[in-house]
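Here's the structure we're looking at; comments come further down.
The values are calculated or read from the model by the stated rules, or taken from the named source; none is laboratory data. Just so you know, these numbers come straight off a predicted model, no measurement behind them. Cβ: placed from backbone, ideal geometry, glycine included. Neighbour counts: every protein chain shown.
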Amino acid sequence: MSKQIWIVLAVIILLIVGFLVYNYTKTTPIPAEPTVTTVMPTSTQEQTGTSAAIPEATIIVNYTDSGFSPKSIIVKLGGTVTFVNNSSKMMWIASAPHPVHTDYPGFDEKVGVGAGESYSFTFNKPGTHKYHNHLNPTDFGTVVVE
Ligand SMILES: [Cu+2]
């Protein structure tokens, strides 16, 4: 009688051990995945791709009754900035100083435009260029070309 119990216990223990070993061998291959090698070259390509795209991007400066926003911007050499008149005033973008605009003579809209209209200028001169609304010179901003 007691011999039969020991046999039953031995079978149960063997089943438990077998089940544990089976589960262990089933779960161990999962963390062993050798695919973490060639990721660096793609990130380098992405970096050069985005830095090349920046000069072609058009930056928008919003002109409202409270002035230019953003008031100071940085563009790459050859970058274009579009000044959009969303104010109730007329807008005439011109480089400093008012009223002669001699710091960057080409950077001068030469005419005032109304609400909803815009003025685009491509910056080919490195440096810090101050500008203002010639028809309301207390509104001014800065374009840094690098
Ligand atoms: Cu002016």
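Among residues of segment 126-137 that are in contact (Cβ under 8 Å) with a residue 24 or more places away in the chain, those with a beta-carbon under 6 Å from a residue that is of a type in the set (A, V, I, L, M) and surrounded by fewer than 14 Cβ atoms within 10 Å (Cβ to Cβ) at least six positions away or on a different chain give the pairs 126/77. For segment 55-70, state whether one or more residues are modelled with pLDDT of 95 or more, acidic (Asp, Glu) and either touching a Cys at 6+ places or on another chain (Cβ under 8 Å) or closer than 19 Å to residue 121 by Cβ (or both). Checked segment 55-70: no residue is modelled with pLDDT of 95 or more, acidic (Asp, Glu) and either touching a Cys at 6+ places or on another chain (Cβ under 8 Å) or closer than 19 Å to residue 121 by Cβ (or both).
Might you check whether a residue that is surrounded by fewer than 18 Cβ atoms within 10 Å (Cβ to Cβ), under 11 Å from residue 131 (Cα atoms) and not β-branched (Val, Ile, Thr) occurs anywhere in segment 70-82? The answer is yes, given that some residue of segment 70-82 is surrounded by fewer than 18 Cβ atoms within 10 Å (Cβ to Cβ), under 11 Å from residue 131 (Cα atoms) and not β-branched (Val, Ile, Thr). Which residues, taken from segment 87-127, are outside any loop (DSSP other than H, G, I, E, B) and away from the ligand (no atom under 11 Å from the Cβ)? Matches in segment 87-127: 91, 113, 118, 119, 120, 121, 122, 127. Listed by first and then second residue, the pairs with beta-carbon distance under 8 Å, at least 6 apart or on different chains, first residue in segment 87-101 and of a type in the set (S, T, N, Q), second near the ligand (Cβ under 8 Å from one of its atoms), are 95/101. Looking only at segment 53-69, residues that are more than 16 Å from the ligand (Cβ to nearest atom), more than 13 Å from residue 143 (Cβ to Cβ) and buried (at least 20 other Cβ atoms within 10 Å of the Cβ) come to 0 in all.
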